[in-house]
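What follows is a short report on a single structure.
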Amino acid sequence: MSEKELIACSLLLREYFGEIVEAVSMYLARKGSTPLRVLVDETKLNIDKVRKALCVLTQHNMVTFDRHKRGFVMYTIDVKEVLLLARYTRYIYCAKTLYGDAAELIAEEMLLHGQVGMESVCQKVENRLNEALDGKHVSSNSVTEKFANLAQTHFIQRSAMVKEDEDDAACSATMPVLVSSADNQFTISAEESDDSRKRKREEGTSTQSKKHKTGNEYELSECNNLWKVNYDRFHQHFRDLAIISAVANKIDKRAGEVMRTMLRISEVKSDPIAEVSAPMSSNEIFQALPKELGIKSSDVDQYLNLLTEDSAEFVGKLGESGGGTYTVNIKKAITEQAKATIESVVQERFSSKAARIFRLLLRKKYLEQKQIEECAMIPAKEAKDLTYTLFAEAFLSLQEIPRTPDHAPSRTIYLFTVNITQVCRMLLDRCYKALSNIVSKRHHVVKEFKRLLEKQQRVEAIVASLKTSGSDEAQIREVEEMITPPERTQLQKVEHMTTKLEQSKIQLDETIFILRLNLSYCVR
């Protein structure tokens with residue numbers, strides 16, 4: 001784990017959870033698995049505060065715990081889970097795009113609380129929708145239906161359950177044993193679907209369901225009915241969208257729809273982390289295409305041939321059965337996306353000629369300096385400057401091939417090449433540094449104009465209460481005029497700045513996602 005990633009983690013944790021959680025998290029990130037007593041001694045924090053911080057981190061699936069062989073509990077933080085805090089807005093927007101406003105609020109509530117019960121989140125979403133719609137009533141069934149849709153498509157999943165073990169009561173008293181079952185991970189039980197009615201009937205007798213443990217009390221029925229966001233499923237969806245977008249940009253939108261259909265078929269037939277999708281026939285793809293697109297069977301064959309013959313090799317052809325059998329080469333598609341991202345960075349940071357040299361080396365693999373000058377058709381001096389600039393910035397690597405055993409420089413051939421894995425790691429480091437800068441800048445802006453922003457919130461709260469009580473327009477206008485024109489101008493500048501920073505953070509996260517996904521496939 002690089003230092004820049006740890007700094008980004010630190011700033012994100014401080015922004016979302018505060019300084020105490022940040023201090024505990026960063027000690028765990030730097031030192032590894034640690035027991036509670038050592039955490040308290042080293043962070044110099046009150047033991048209750050450390051416990052609460054660990055509870056928050058465990059609730060948000062960022063910290064896991066395990067029993068040491070000597071009997072005490074060890075806590076371990078997952079830095080990758082912490083870095084996903086920067087992607088929360090994308091998860092929420094994705095849920096809204098797929099299933100509407102109710103799904104957006106469900107995803108928001110679940111990300112806000114980490115793990116939450118179905119009844120609790122549905123009730124909160126229903127209340128929020130009713131408040132926003134000004135009198136229009138939203139039924140609980142519609143919210144529950146959206147929750148069920150997210151569960152059926154695996155965007156949310158059941159959290160690990162607390163295991164009841166009568167033989168090991170002493171162990172479960174100090175540390176609950178968590179188990180997860182693949183059978184009911186995405187299934188809503190009958191008890192949960194009728195939860196509100198059952199709770200009303202059983203009100204007053206709920207204490208009977210509690211299991212008391214030595215020094216610990218928790219309700220197993222609630223612990224075993226918690227749900228959380230399935231990040232992997234969202235990442236699979238983002239991956240598919242990136243591939244579809246690449247195909248649509250390279251060929252056209254209809255080709256993108258053919259690719260979307262192929263990926264939808266592969267969701268059912270293939271492993272989510274497979275490098276190549278399961279084979280599918282041309283007829284199967286045509287049958288699965290939405291009819292409103294008006295794409296004929298002959299058009300599907302033409303698009304499949306285009307995708308197969310394309311240099312990017314997103315699609316491979318295996319045989320002629322069923323009109324032709326095809327697969328989606330997901331690893332190749334992601335690698336091409338990563339290359340396009342790096343090319344874009346090279347072009348923006350250096351020049352179009354530098355990007356030409358970079359693309360040439362991607363295509364030819366290994367070239368000498370003189371060959372680069374000739375193939376790129378760039379003057380020798382300029383080509384040399386650009387090549388060595390790219391090498392100094394770690395975008396190019398150098399391969400030495402000695403002609404003699406003594407490795408004398410005069411008798412050694414020097415070949416330039418591109419190591420995509422190395423470049424991805426270097427760019428990831430720079431992306432995390434940029435992310436840290438964005439979070440720091442946003443924190444500085446909010447802190448600098450804190451009093452003005454608080455004044456705006458107070459005025460908005462007063463105006464909202466006046467509108468609710470039915471006050472006249474003159475009184476409302478008088479309250480609104482408490483913020484002077486210069487203050488309004490300053491607030492607009494602050495809003496513009498924070499919006500721009502948030503957009504930059506989202507765009508940066510898209511780059512981080514592609515680079516990290518490519519690295520994960522390379523490691524596999």
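Within the stretch 8-116, considering only helices (runs of 4 or more DSSP H) that don't extend past its boundaries, which have at least 2 residues that are within 20 Å of Ser440 (Cα to Cα) and within 23 Å of the chain's Cα centre (by Cα)?
Fully inside the stretch 8-116 and qualifying: 19-31, 79-83, 88-99.
Among the residues of the stretch 317-358, which ones are among the hydroxyl-bearing types (Ser, Thr, Tyr) and part of a loop (DSSP other than H, G, I, E, B)?
Across the stretch 317-358, the qualifying residue is only Ser351.
Checking Arg67 against (1) buried (at least 17 other Cβ atoms within 10 Å of the Cβ); (2) in contact (Cβ under 8 Å) with a residue 60 or more places away in the chain, which single condition isn't satisfied?
Failed condition: (1).
Within the stretch 36-64, can you find the residues that are of a type in the set (Ser, Thr, Tyr) and open to solvent by 80 Å² or more (accessible area, probe 1.4 Å)?
Thr64 - this is the single residue of the stretch 36-64 that is of a type in the set (Ser, Thr, Tyr) and open to solvent by 80 Å² or more (accessible area, probe 1.4 Å).
What residue, among those in the stretch 259-287 that are at pLDDT below 85 and assigned to a helix (DSSP H, G or I), is most open to solvent (accessible area, probe 1.4 Å)?
Val268
With Ile483, Ile420 as the choices, which residue is over 30 Å from Arg359 (Cα atoms) and of a type in the set (A, V, I, L, M)?
Ile483
Whether any residue in the stretch 290-306 is hydrophobic (A, V, I, L, M, F, W, C), under 30 Å from the mean Cα position of the chain (by Cα), open to solvent by 60 Å² or more (accessible area, probe 1.4 Å) and within 16 Å of Asn329 (Cβ to Cβ) is what I want to check.
No, the stretch 290-306 contains no residue that is hydrophobic (A, V, I, L, M, F, W, C), under 30 Å from the mean Cα position of the chain (by Cα), open to solvent by 60 Å² or more (accessible area, probe 1.4 Å) and within 16 Å of Asn329 (Cβ to Cβ).
Find all pairs meeting these conditions: Cβ atoms under 7 angstrom apart; at least six residues apart or on different chains; first residue within the stretch 85-110 and touching a residue at least 24 places away in the same chain (Cβ under 8 Å); second residue open to solvent by less than 30 Å² (accessible area, probe 1.4 Å) and among the acidic types (Asp, Glu).
These pairs meet every condition: Ala86/Asp509; Arg87/Asp509; Arg90/Asp509.
Looking at (1) open to solvent by 90 Å² or more (accessible area, probe 1.4 Å); (2) in contact (Cβ under 8 Å) with a residue 12 or more places away in the chain; (3) of a type in the set (D, E, K, R), can you tell me which one Glu480 breaks?
Of (1) open to solvent by 90 Å² or more (accessible area, probe 1.4 Å); (2) in contact (Cβ under 8 Å) with a residue 12 or more places away in the chain; (3) of a type in the set (D, E, K, R), only one is false for Glu480: (1).
Looking only at the stretch 240-258, decide whether some residue is surrounded by 15 or more Cβ atoms within 10 Å (Cβ to Cβ), touching a helix residue (DSSP H, G or I) at 6+ places or on another chain (Cβ under 6 Å) and closer than 30 Å to Gln115 by Cα.
Yes, there is a match, as at least one residue in the stretch 240-258 is surrounded by 15 or more Cβ atoms within 10 Å (Cβ to Cβ), touching a helix residue (DSSP H, G or I) at 6+ places or on another chain (Cβ under 6 Å) and closer than 30 Å to Gln115 by Cα.
So, in the stretch 359-373, how many residues would count as being over 32 Å from the mean Cα position of the chain (by Cα) and in a helix (DSSP H, G or I)?
Of the residues in that region, 7 qualify.
Name the one entry in Gly100, Gly114 that is at positive phi and open to solvent by 20 Å² or more (accessible area, probe 1.4 Å).
The match here is Gly100.
Restricting to the stretch 489-524, give me the number of residues that are free of Cβ contacts under 8 Å to residues at least 60 places away in the same chain, within 25 Å of Gln457 (Cα to Cα) and open to solvent by 40 Å² or more (accessible area, probe 1.4 Å).
10
Specify which of the listed residues (Tyr93, Tyr75) is of a type in the set (Phe, Trp, Tyr), surrounded by fewer than 18 Cβ atoms within 10 Å (Cβ to Cβ) and touching an Asp or Glu at 6+ places or on another chain (Cβ under 9 Å).
None of the others qualify; the one that does is Tyr93.
The values are calculated or read from the model by the stated rules, or taken from the named source; none is laboratory data. Bear in mind the structure is a predicted one, so any value in this text is a computation, not a measurement. FYI the Cβ positions are ideal-geometry reconstructions off the backbone, even for glycines, and counts take in every protein chain you see. Side chains included, ligands, DNA and RNA excluded: accessible areas come from the protein's heavy atoms. Shrake-Rupley method; radii C 1.70, N 1.55, O 1.52, S 1.80 Å.
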